[in-house]
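Trainee: Once you've had a glance at the structure underneath, I'll fire off some questions.
The values are calculated or read from the model by the stated rules, or taken from the named source; none is laboratory data. The model shown is predicted, which means the values in this text are computed figures rather than measured ones. All Cβ positions, glycine included, derive from the backbone under ideal geometry; neighbour counts span all protein chains shown.
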Amino acid sequence: VNGGDSTELTTDDAPKLSAIEGSKRLAAWTAVDRHVKSEHKVIGIGSGSTVPYVVERIVAQGREANKDRVFIPTGFQSKELIVKGNLLLGDVDQYPRIDVTVDGADEVDKDLNCIKGGGACHLREKVLAEAADTFIVVADYRKNSDILGTTYKAGVPIEVAPFAYAKVLQNLHAIGSPSAVLRMAQKKAGPVVSDNGNFIIDAPFPEEDMQDPYTLLTKLKMLTGVVEVGLFCHMAKAAYFGNQDGSITVR
Ligand code: 5RP
């Protein structure tokens, strides 16, 4: 276990899952149990493959608990989860103050900085993280590392205005990410387009840059044409990682 405390959560009554899915569920359920409280009425729901377990656990809190709550999605997927869970859907323009947002991550470092945007949702995810009094990250054990870029090798996801992508790429190549690329859809059918109609660039940086993600974030935000950067620095209050042995690492 890499730092933090370790607790056990019984999932005997739940369907058997693969080790990785089981660890995602452990993280999600534990985080919901600890951080989504009856007094929380506006709840942000993140994106990715761990978040369905977050919604599952919130739905399991029951109709009474959820009847006067509103749920804010970070994208198309979480909107579907909210609607299918018979939860009330809202948007961040109606509710710019959120009690708690729970979201996944592509990687989390020892200081709770995260890489996010593997699913191209990081603009909305960052708005909901920032709007929340409490931002909680849930992930499986593979996302837990000391330095960002150790396990998530694709690079820093950067959302860009479509017409500016070539210029931003050129600038990224010049400032230390020579292998930065435009993210393409499967079978290279065309660029990935975010829920906001923008393109995504994946920009790997050397370890010395990733050791100081806040400085890198500041530099990347200065590039004209960049809409948002998938580095979340000083935002998460806690991160929950499900481990293969059924324990949880909490940071
Ligand atoms: C999407 C994200 C996701 O939160 C991130 O990719 C985590 O995904 P998963 O829970 O599938 O590991 O940042 O933009």
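Trainee: Any idea which residue in region 110-134 is nearest to THR215 (Cα to Cα), counting only those that are in contact with a helix residue (DSSP H, G or I) (Cβ under 7 Å, 6 or more places away or on another chain) and crowded, with 19+ Cβ neighbours inside 10 Å?
Mentor: ASN113
Trainee: I've got another one for you. List the pairs whose first member sits in region 106-120 and is of a type in the set (Gly, Ala, Ser), whose second member is at pLDDT 95 or above, and whose Cβ atoms are under 6 Å apart, counting only residues at least 6 apart or on separate chains?
Mentor: Qualifying pairs under 6 Å: GLY117/PRO157; GLY117/GLY230; GLY118/ASP106; GLY119/SER47; GLY119/GLY48; ALA120/VAL192; ALA120/SER194; ALA120/ILE200.
Trainee: Tell me, yes or no, whether region 184-206 has at least one residue that is closer than 29 Å to ASN66 by Cα and surrounded by fewer than 23 Cβ atoms within 10 Å (Cβ to Cβ).
Mentor: yes
Here's the yes/no breakdown for (1) crowded, with 18+ Cβ neighbours inside 10 Å; (2) within 23 Å of VAL250 (Cα to Cα); (3) among the basic types (Lys, Arg):
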position: ALA19; (1), (2), (3): no, yes, no
position: SER23; (1), (2), (3): yes, yes, no
position: ALA27; (1), (2), (3): yes, yes, no
position: SER38; (1), (2), (3): no, yes, no
position: VAL42; (1), (2), (3): yes, no, no
position: ALA65; (1), (2), (3): no, no, no
position: GLY75; (1), (2), (3): yes, no, no
position: TYR95; (1), (2), (3): yes, no, no
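Trainee: While we're looking at this one, here's another question. Restricting attention to region 131-147, which residues are more than 13 Å from the ligand (Cβ to nearest atom) and over 13 Å from CYS114 (Cβ atoms)?
Mentor: Correct list: ALA131, ALA132, ASP133, THR134, ASP146.
Trainee: ALA161 fails exactly one of the following numbered conditions: (1) farther than 28 Å from THR101 by Cβ; (2) surrounded by fewer than 18 Cβ atoms within 10 Å (Cβ to Cβ); (3) of a type in the set (A, V, I, L, M). What is the number of that condition?
Mentor: In the conditions (1) farther than 28 Å from THR101 by Cβ; (2) surrounded by fewer than 18 Cβ atoms within 10 Å (Cβ to Cβ); (3) of a type in the set (A, V, I, L, M), ALA161 misses (1) alone.
Trainee: Just to be sure before I move on: is LYS187 assigned to a loop (DSSP other than H, G, I, E, B) and over 13 Å from the mean Cα position of the chain (by Cα) in the structure I sent?
Mentor: no
Trainee: Can you find a residue that is of a type in the set (Ser, Thr, Tyr), part of a loop (DSSP other than H, G, I, E, B) and more than 15 Å from the ligand (Cβ to nearest atom) anywhere in region 212-224?
Mentor: Yes, the conditions are met somewhere in region 212-224.
Trainee: Could you identify the single residue in ILE158, ILE136 that is among the aliphatic types (A, V, I, L, M) and within 11 Å of the chain's Cα centre (by Cα)?
Mentor: Among ILE158, ILE136, only ILE136 is among the aliphatic types (A, V, I, L, M) and within 11 Å of the chain's Cα centre (by Cα).
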